[in-house]
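Undergrad: Please read through the structure below; I'll follow up with questions.
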Amino acid sequence: MLTLEPGRWLAAGGLLAGYAGLCWHCLRAARGRVRSARQTTAGTVLLAYASQSGQAHELARQAAAVLGEAGLPTICLPLARIDLALLQASRQALFVVSTYGEGDAPDNAAVFEDRYLNSPADLSALDYGLLALGDSYYAKFCAFGRRLDAWLQRSGARAMFERIEVDRLAPVALARWQHCLASFGGLSAAKTSAALDVPLQHWCLCSSRLLNAGSAGWPVYQVELQAVEGDGAPCPLPEWEPGDLLDLFPPGEGARPRTYTIASLPASGVVQLLVREVRGDDGRPGCMSALLGSAAQIGMRFAGRLRANPGFRLGENAARPLILIGNGTGLAGLLAHLRWRAQRGERRNWLIFGERQAAFDRLCGEELDDLAARGLLARYDRVFSRDAPAGEYVQHRLERVADTVREWVADGAAIYVCGNAVGMAPAVHETLERLLGADGLSHLVTEGRYRRDVY
């Protein structure tokens, strides 16, 4: 079994030592301010996270493990479950927060931001550290992390170290986080690194099938991978739940992972993905999508790992009616839920899914038609944006069936959205706010009945 430390992402074993020099300035500055938690309080360290795809949640849980190794009691909670009274009662807190899309708070932090960040509070008794995750592809990089940090400072809280911003899990920034965490917990960097080890596995590409031949859009492939040992022999699949993710690493030392939502269930024996070919500004295909979409690469092995995505799992919604909304390769996350519920005979499923043209882009159409024919899709709306006479997007269909959406929500339905974070997801969100009211949609978020996996 391979291991991967989040602070080095497939780099050589001595990378953290190499990073130590880069981190020394940060640590030297922080050492005067980062006091051992044992010296400052016998209370509990609050670990607060805001996560859209599960990465911030995982890093927060890993931090809790590190502090547990140091013998420090911790409580790890999403920002949605934290109120001002808890912050004022805490003496030390670590925040691990991501930014969604163009500067937005993740869904499990949106209510916290609306409630508190518009005006300062009295947090003069709080020492804190903040790790902000983001993607510099977006103009408002780490914007929510920066807003939260500014609010904490306006509220009188004291930063134990300078805010750490991480661009797409960049190893140098994560190494700084590891060292600051070690300093806070009174642990050696080596112990902290060991506590943050994450297992990797080998994955073999066993199938790749084009789903949209003739489409005006980029090719979409149904890809299947099998877990294998280092010598290529098949091995048992790890367990996962619908909504979970697979991180795959392109060949090449130091490469960053590509994340895909899993469409299959463990009983299938394979991890199935929907992968759209990606092209850069220069027209060249993306490394990973080109490899996964090529029949010539069948048998190729990749390093990767399954990652839980609690924010898109069914959880307490397993027995509720589901409204599943998405576009493009976002169908993968919706398919996983449909397959799971079909196995259990749950029929209260409504799929609203968009693509370009009915003639070429009916992704997984036969399977979805079969589910509908067997009564396992109570309602099945496929919309196509490029078909004449007037194309339609999923948000337009939502408007047309507004009364039915309200009826399903009143009957307890949960809403799951999977797909494009730039166009589809914001448009769907705005439409749902109009249909249900901003307070109504916020209530669904608080209840865990509005969940999104968008990218």
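Undergrad: Write out, first by first residue and then by second, each pair whose Cβ atoms fall under 8 Å of each other, whose residues are 6+ apart or on separate chains, and whose first residue, in the range 343-367, is over 20 Å from residue 428 (Cβ atoms) and of a type in the set (Asp, Glu) while the second is at pLDDT 95 or above and surrounded by 14 or more Cβ atoms within 10 Å (Cβ to Cβ).
TA: From the range 343-367, the pairs are 346/376; 367/335.
Undergrad: Within the range 261-293, restricting attention to residues that are among the polar types (S, T, N, Q) and surrounded by 15 or more Cβ atoms within 10 Å (Cβ to Cβ), which residue is farthest from residue 334 (Cα to Cα)?
TA: The extreme case among them is 289.
Undergrad: With 146, 115 as the choices, which residue is touching a helix residue (DSSP H, G or I) at 6+ places or on another chain (Cβ under 9 Å), within 22 Å of residue 57 (Cβ to Cβ) and either acidic (Asp, Glu) or not in a loop (DSSP other than H, G, I, E, B) (or both)?
TA: When all the criteria are applied, what remains is 115.
Undergrad: Output the number of residues of the range 409-435 satisfying the condition of being touching a Leu at 6+ places or on another chain (Cβ under 8 Å), in contact (Cβ under 8 Å) with a residue 40 or more places away in the chain and polar (S, T, N, Q).
TA: Residues in the range 409-435 being touching a Leu at 6+ places or on another chain (Cβ under 8 Å), in contact (Cβ under 8 Å) with a residue 40 or more places away in the chain and polar (S, T, N, Q): 0 in total.
Undergrad: Between a first residue in the range 219-238 that is more than 25 Å from residue 363 (Cβ to Cβ) and in the same structural domain as residue 289 (by TED's automatic domain parsing) and a second residue that is of a type in the set (D, E, K, R) and assigned to a strand (DSSP E or B), which pairs have beta carbons less than 9 Å apart while being 6 or more apart in sequence or on different chains?
TA: Partner pairs satisfying both residue conditions: 228/301; 230/301; 232/301; 238/305.
Undergrad: Among the candidates 283, 326, 311, 330, single out the residue that is outside any helix (DSSP H, G or I) and touching a residue at least 40 places away in the same chain (Cβ under 8 Å).
TA: After ruling out the rest, the residue left standing is 326.
Undergrad: What are the pairs with Cβ atoms under 6 angstrom where one residue, in the range 104-126, is not assigned by TED's automatic domain parsing to the domain that holds residue 87 and of a type in the set (A, V, I, L, M, F, W, C) and the other, located anywhere, is at pLDDT below 95 and buried (at least 19 other Cβ atoms within 10 Å of the Cβ)? Sequence gap at least six, or different chains.
TA: Matching pairs, first to second residue: none at all.
Undergrad: Go through (1) on the phi > 0 side of the Ramachandran plot; (2) modelled with pLDDT of 95 or more and name the single condition residue 252 misses.
TA: (2)
Undergrad: When you go through 400, 406 one by one, which is the residue that is farther than 23 Å from residue 266 by Cβ and in contact (Cβ under 8 Å) with a residue 12 or more places away in the chain?
TA: 406
Undergrad: Let me ask another. Pick out, from the range 362-455, the strands (runs of 3 or more DSSP E) lying fully within it that include 1 or more residues that are surrounded by fewer than 20 Cβ atoms within 10 Å (Cβ to Cβ).
TA: Once the strands (runs of 3 or more DSSP E) in the range 362-455 are filtered for at least 1 residues that are surrounded by fewer than 20 Cβ atoms within 10 Å (Cβ to Cβ), what remains is 379-384.
Undergrad: Assess whether residue 400 counts as being out of contact with any helix residue (DSSP H, G or I) (no Cβ under 9 Å at 6 or more places or on another chain) and either assigned by TED's automatic domain parsing to the domain that holds residue 335 or under 13 Å from residue 101 (Cβ atoms) (or both).
TA: yes
Undergrad: Scan the range 221-237 residue by residue and report those that are surrounded by 14 or more Cβ atoms within 10 Å (Cβ to Cβ) and of a type outside the set (A, V, I, L, M, F, W, C).
TA: 221, 222, 224, 226
Undergrad: Tell me, yes or no, whether the range 201-216 has at least one residue that is of a type outside the set (Val, Ile, Thr), modelled with pLDDT under 90 and crowded, with 21+ Cβ neighbours inside 10 Å.
TA: Among the residues of the range 201-216, not one is of a type outside the set (Val, Ile, Thr), modelled with pLDDT under 90 and crowded, with 21+ Cβ neighbours inside 10 Å, which makes the answer no.
Undergrad: A further question follows. Report the residue count in the range 211-238 for those that are closer than 22 Å to residue 293 by Cβ and among the acidic types (Asp, Glu).
TA: Residues that pass the stated criteria total 1.
Undergrad: Is it true that residue 274 is aliphatic (A, V, I, L, M), within 20 Å of the chain's Cα centre (by Cα) and in a strand (DSSP E or B)?
TA: Criteria met by residue 274.
Undergrad: For the range 45-99, give me each residue that is closer than 21 Å to residue 124 by Cα and in a loop (DSSP other than H, G, I, E, B).
TA: 82, 83, 90, 91
Undergrad: Can you say whether residue 73 is in contact with a helix residue (DSSP H, G or I) (Cβ under 7 Å, 6 or more places away or on another chain), over 24 Å from residue 243 (Cβ atoms) and surrounded by fewer than 18 Cβ atoms within 10 Å (Cβ to Cβ), as far as the supplied structure shows?
TA: The answer is no for residue 73.
Undergrad: Of all residues being assigned to a loop (DSSP other than H, G, I, E, B) and touching a Lys or Arg at 6+ places or on another chain (Cβ under 9 Å) in the range 241-260, which is surrounded by the fewest Cβ atoms within 10 Å (Cβ to Cβ)? Just the residue, please.
TA: 254
Undergrad: Any residue in the range 199-218 that is free of Cβ contacts under 8 Å to residues at least 60 places away in the same chain sitting within a Cβ distance under 9 Å of a residue that is surrounded by 14 or more Cβ atoms within 10 Å (Cβ to Cβ) and polar (S, T, N, Q)? List the pairs, counting only those 6 or more apart or interchain.
TA: 209/222
The values are calculated or read from the model by the stated rules, or taken from the named source; none is laboratory data. Keep in mind that what you see is a predicted model, and the values were worked out from it rather than measured. Here Cβ is always computed from backbone atoms with ideal geometry, including for glycine, and neighbour counts include all displayed protein chains.
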